[in-house]
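First up is the structure itself, then whatever we jot down about it.
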């Protein structure tokens, strides 16, 4: 499978000015679905059919630690599929 350019950009520059729309686009490409915050919640939760979850604060900019976690999670899921 060809490398995803957005994934590569996030991996190479986790401190970039990433928005939740970038995270949502990348997550959907890799089979995640999102649960938006309700009732005053501040985190978006990404879910995958494999049972993996990741909560990310829905603020802008998204902190580099959350971008790194997302990239690592996607890479692990890709390895498991191989």
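Each Cα pair under 8 Å and six or more residues apart adds its separation to the average, and for the chain the resulting relative contact order is 30 percent.
A Förster radius of 25 Å combined with the Cβ-Cβ distance from residue 34 to residue 4 puts the calculated FRET efficiency at roughly 0.90.
Counting every other Cβ atom within 10 Å of each residue's Cβ, 33, 18 order from fewest to most as 33, 18.
With the simple spin-label model, which puts each label point 7 Å out from Cα in the Cβ direction, the residue 60 to residue 12 separation comes to 2.4 nm. Dividing the convex hull volume of the alpha-carbon atoms in segment 43-82 by its residue count gives 53 Å³ per residue.
Consider the candidate values (1) 39, 28, 17; (2) 35, 22, 18; (3) 33, 26, 19; state which one is Cα extents along the principal axes in Å computed from the structure displayed. Of the listed options (1) 39, 28, 17; (2) 35, 22, 18; (3) 33, 26, 19, (1) comes from this structure. Here the label points at residue 52 and residue 81, each 7 Å from Cα along the C-beta direction, are separated by 1.1 nm in the simple model.
Where a number appears in this text, it was derived from the coordinates with a stated rule and is not lab data. Bear in mind that the values here come from a model prediction, so they are computed numbers and not experimental data. Don't worry about glycine lacking a Cβ; one is built from the backbone with ideal geometry, like all the others, and counts go over all protein chains shown.
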